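Novice: Questions regarding the structure given below will be posed in turn.
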Amino acid sequence: MKKYFLKIAVYLLLLALPLTLIFAYVQSKPTVFSGTLLGTIYHKSGLLDEVGSPRIIFVGGSSCPYATDCERISEELGMPCINLGVTSYFGLAYYRNLLKGHIGEGDIIVLMPEAAMMRNKINYEALWEGVENRPSLLRAVPVSYWKNMALAYYKYAAHKLDLLDAGYGKKGEIYSPDFGYFGDVTQYREAILEHGYMTDDEIMLNREMVEPEFLRNVRGLAKDAEKAGAVFVFAFPPVDKLAVISDENELAGLESYLRDEINAGFLNTLNDSLMEGQYFYNSNNHLTTEGEEIYTETLIRALRSVTG
Amino acid sequence: MAFNSLQFAIYLPTVCILYFILPVKYRNYWLLAASYYFYMSWNVKYVFLILFTTLTSYLAGRLLGRTTGEGRRKAILTAGIIASVASLFVFKYANFVIGNINLVMESLHATGRIPVLNVLLPVGISFYTFQTLSYVIDVYRGKLPDEKDFFVYALYVSFFPQLVAGPIERATNLLPQFREVHRFDTARCSDGLRRILVGLFKKIVIADYFAIYVNEVYSRMRELNGTAVMFATFLFAIQIYCDFSAYSDIAIGSALILGFRLMENFRSPYLSDSFSEFWKRWHISLSTWLQDYIFVPLVWSRWWDKLFNRHTIDGKKPAVLPNLIIVFLISGIWHGAGWTFIVWGLLHGIYRVIEETVIPKKWKKRKNKKKAVLWLEVGLVFVMNCFSLIFFRADTIGDALYAVSRIVRDFDPVHLMTYMQPAGLEEYGQLLWIILLVAVLFLWDLLNYRGEGFEKLSSFRPVLRYAVYYALGLAVVWRIFTSMSDIVIEFIYFQF
């Protein structure tokens, strides 16, 4: 009997062998996405160790680095600021794991989730591109992601090998937009959208889009913060008003639902976060430098009430 | 929980290990609990429906076992059948009937509409309903005694390997097996694992891959050339065969590991040289069910005879032609509540009638046909089957007719690649891969023509045998990891 089960185990191991070899080969190659928006997660997660508490930590999607001027916030509030947001498609569970053990007393965790994050839409290939072969980032991948991460590996690996063939990797980057030390985008940005918004990315905001899994993670993050003696607050990220296709009732429904479900302070209202098209740079969530100034100003005013 | 999901990969070993660890007297209870969990993983609410069908058919069986008067027995049989069929009708056919009545009323400009029912089609309802019907009828016919133990009977109805997509088991085969003591047997386990491996290969490597092109073409039929539709229909014929027979393979394999023998459901159907043979090789459990419980009773029914069977062929034998049409219509309706399925069934009925009336008996019985002629017949049956599958796959009759007209109008197989390009078939490598998979399937069907494929496979020299297992396993794993999808593609027959 033992011999029989051993044979089955050997068969399964032999099936896994080619995949393991491919994984080992691709993982041994240098990183190629480290200079991209997704690759900034490595630097940002490193800031959690480098910058001591108390500090302000922004968590969310790509709107975070485009909407918050960390240097200004630090100056105005007298607290260092870290912008952990990279993309909504990493999912809040991943950010929560990254933060685990790093939240210190007096920290202020600001959650700025975009619609995709509330929908709990996760792009596993994007996450591979973010974490690549960095053990500290791989460790933070939630167990619930593992299956899909494994399924997305082939696509990531093929993409990475293509880029390596094309000569990337030696320089360690594909492109390098101007990210500041604190993880926000510091390059000067003007509105470049032809119609004032991305016409192929209409945004629907209503209470039905909020996934229970997202709410579970919000509550979990709030609890993590509370345990560590930190403050957890919620902010609606900027959204291009022109791209929103929900009516007033739906918007009000979403806001009241989130306020009911999330036991936290809110830094702004959903209406405040809907901004004119002229303030958006290259997507319906990415602000221009001017838009960033306005949004940051709102946040600073709200954060003052939190910091006292 | 689909057979091709990670959950099932955990579920099956867990069920098997606990089954063999538990004392014999608890094993059926464990299987019953596991089977209900399996069913509830789709929709918890519908457990009440399967319970209702189980309970009513169980009671009908018990009453039939105790009652002797023929009139009473008939009344109990009728009540048992109605109870089972009623829930099938409500959940599967009511909205179809209501929709058609409303259409008629609309065309007559009549006021008022019947509201449609807000129900979802419960997974496997057609399969387990037919299983309960066969039990009640068999008890009535005295083919088997009524089952006294409710839990054993409930297990017969819900036994997880064949619960949601067959094979439609007969109580005469399955019920006695629940009384047997099954010990873990390595040879039997290997047989089961082999079948599961072949099933996973057919489903994940062939069916799901072909489905990409089939779905693309059929969803954009009106934008694409008829040649693409024709090619997609050919692929669909392979897809549906691999998809459904894969389910049966995994079901039979899973049951085999536990020590249960389920009936064969497919035996190289596309190598049939007639439709009569095709239906002895395709969905065998359904076709034998229809034969035993619909066709034969109709042929021998006196009142039915008065209606139809007077129309005899050359005045010699009782006519079976109207009954053939009826049986295939029922087969079509069984598959789905839609006109496309009815037409599909009707077409197969017509094929069979043509076979019975046009082809001389001598030719049918001739053993020494030339190989070329035989292959020609096989090809013709396959092509005619593909034609019927256009109706099976299309969403509406209009779509199916449009597809047929486009195929006839645009027929240009030389430029297949050009026409398939918009559907995603962009490189010759993809076409080569499709050809390779069809060739592998063809070889397998040749090997399995007499239903001995697995025995033959296990009689290969060890090196060759393990190479085949490894290649199949690797193809499955490779396809899972390269399909770039976290979505488990459900088996087509789940919708029936």
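Novice: For residue B:362, list the aspartates and glutamates whose Cα falls under 20 Å from its own Cα; do not include residues on the same chain fewer than 8 positions away.
Specialist: Candidates past the 8-residue exclusion: B:273, B:277, B:314, B:377.
Novice: Sort A:210, B:296 from largest to smallest accessible area, using a 1.4 Å probe on the heavy atoms of the protein chains.
Specialist: Working: A:210 10, B:296 60 Å².
Descending accessible area places them as B:296, A:210.
Novice: What total accessible surface area, summed over both chains, is buried at the interface between chains B and A, computed with a 1.4 Å probe and given in Å² to the nearest 100?
Specialist: Summed over both sides, the interface buries about 1700 Å².
Novice: Ignoring ligands, DNA and RNA, how do B:42, B:279, B:478, B:363 rank by accessible area with a 1.4 Å probe, largest first? Can you show the working numbers first?
Specialist: Values: B:42 60, B:279 25, B:478 110, B:363 85 Å².
Most to least solvent-accessible, the answer reads B:478, B:363, B:42, B:279.
Novice: When the solvent-accessible surface of protein heavy atoms is calculated with a 1.4 angstrom probe, in what order do A:276, B:147 fall, highest first?
Specialist: In descending accessible area the options line up as A:276, B:147.
Novice: Let me ask something else. Calculate how steeply helix A:40-50 sits against the longest principal axis of the alpha-carbon atoms of chain A, using the helix alpha-carbon long axis, and give the answer as 0 to 90 degrees to the nearest 10.
Specialist: Rounded to the nearest ten degrees, it is 80.
Novice: Moving to a separate point now. State the percentage of accessible surface on chain A attributable to carbon and sulfur atoms; use a 1.4 Å probe and exclude ligands, DNA and RNA. Working shown, then result.
Specialist: Values: 7360 of 14110 Å².
Using a 1.4 Å probe with all protein chains present, chain A comes out at 52 percent carbon and sulfur.
Novice: How much accessible surface does residue A:293 have with a 1.4 Å probe, in Å² rounded to 10?
Specialist: Accessible surface of residue A:293 is approximately 100 Å².
Novice: Run the accessible area of chain B with a 1.4 Å probe and give the carbon-and-sulfur part as a rounded percent.
Specialist: The value for chain B is 67 percent carbon and sulfur by accessible area.
Novice: What value, in deg cm²/dmol to 500, does the helix sum -39500 (n - 2.57) over DSSP H runs of n ≥ 4 give at 222 nm once divided by the residues of chain B?
Specialist: Result for chain B, helices only: -21000 deg cm²/dmol.
Novice: Next up: Inside 10 Å of the C-beta atoms of A:154-160, what's the mean count of C-beta atoms belonging to other chains? Intermediate results must be reported in sequence, preceding the final value.
Specialist: Numbers: counts 6, 4, 1, 1, 2, 0, 0.
Neighbouring Cβ atoms belonging to other protein chains average 2 per residue here.
Novice: Kindly write out, for the stretch A:65-73 in residue order, the coupling ³J(HN,Hα) from the Karplus curve 6.51 cos²θ - 1.76 cosθ + 1.60 (θ = phi - 60°), rounded to whole Hz, with x marking Gly and Pro.
Specialist: For the stretch A:65-73, the Karplus curve yields x, 8, 10, 10, 9, 5, 4, 5, 4 Hz.
Novice: Per residue, what accessible area does the stretch B:419-475 have, given a 1.4 Å probe and all protein chains present, in Å²?
Specialist: Here the residues of the stretch B:419-475 average 60 Å² of exposed surface.
Novice: Taking the Cα centre of each part, how many Å lie between the stretch A:278-308 and the stretch B:263-304?
Specialist: Between the Cα centres of the stretch A:278-308 and the stretch B:263-304 lies a distance of 71 Å.
Novice: How high is the FRET efficiency between residue B:464 and residue A:165 when r is their beta carbon distance and R₀ equals 35 Å, given to the nearest 0.05?
Specialist: The calculated FRET efficiency here is 0.40.
Novice: For the protein assembly as shown, give me every cysteine whose Cβ has no other Cys Cβ within less than 4.7 Å, ordered by residue number.
Specialist: Within the protein assembly as shown, the cysteines lacking a partner Cβ under 4.7 Å are A:64, B:16, B:189, B:242, B:386.
Novice: Further, regarding this structure: If contacts are Cα pairs under 8 angstrom and at least 6 residues apart, what is the relative contact order of the stretch B:6-181 in percent?
Specialist: It comes to 31 percent, rounded to a whole number.
Novice: Per residue, how much accessible area does the stretch A:206-305 have with a 1.4 Å probe, in Å²?
Specialist: On the way: 4540 Å² over 100 residues.
That works out to 45 Å² for each residue.
Novice: With a cut-off of 8 Å between alpha carbons and a minimum separation of six or more residues, what is the relative contact order of chain B in percent? Provide the component values of the computation, followed by the final result.
Specialist: Details: 593 pairs, mean separation 89.6, N = 496.
Taking the mean separation of contacting Cα pairs over the length of chain B, I get 18 percent.
Novice: With all protein chains present, calculate the accessible area of residue B:149 using a 1.4 Å probe and round the result to the nearest 10 Å².
Specialist: Ignoring ligands and nucleic acids, residue B:149 comes out at about 50 Å².
Novice: Over the heavy atoms of residue A:195, what accessible area does a 1.4 Å probe trace out, to the nearest 10 Å²?
Specialist: Its accessible surface works out to 120 Å², give or take rounding.
Novice: Using a 1.4 Å probe on the heavy atoms of the protein chains only, list every residue of the stretch B:458-481 that has 30 Å² or more less accessible area in the complete assembly than in its chain alone.
Specialist: B:466, B:470, B:474, B:477, B:478, B:481
The values are calculated or read from the model by the stated rules, or taken from the named source; none is laboratory data. Note that the structure is predicted; figures quoted are calculated from it, not measured. Note that we place each Cβ from the backbone using ideal geometry, even for glycine, and neighbour counts take in every protein chain shown. In case anyone asks, the SASA skips ligands and DNA or RNA and just uses the protein heavy atoms, side chains included. Shrake-Rupley method; radii C 1.70, N 1.55, O 1.52, S 1.80 Å.
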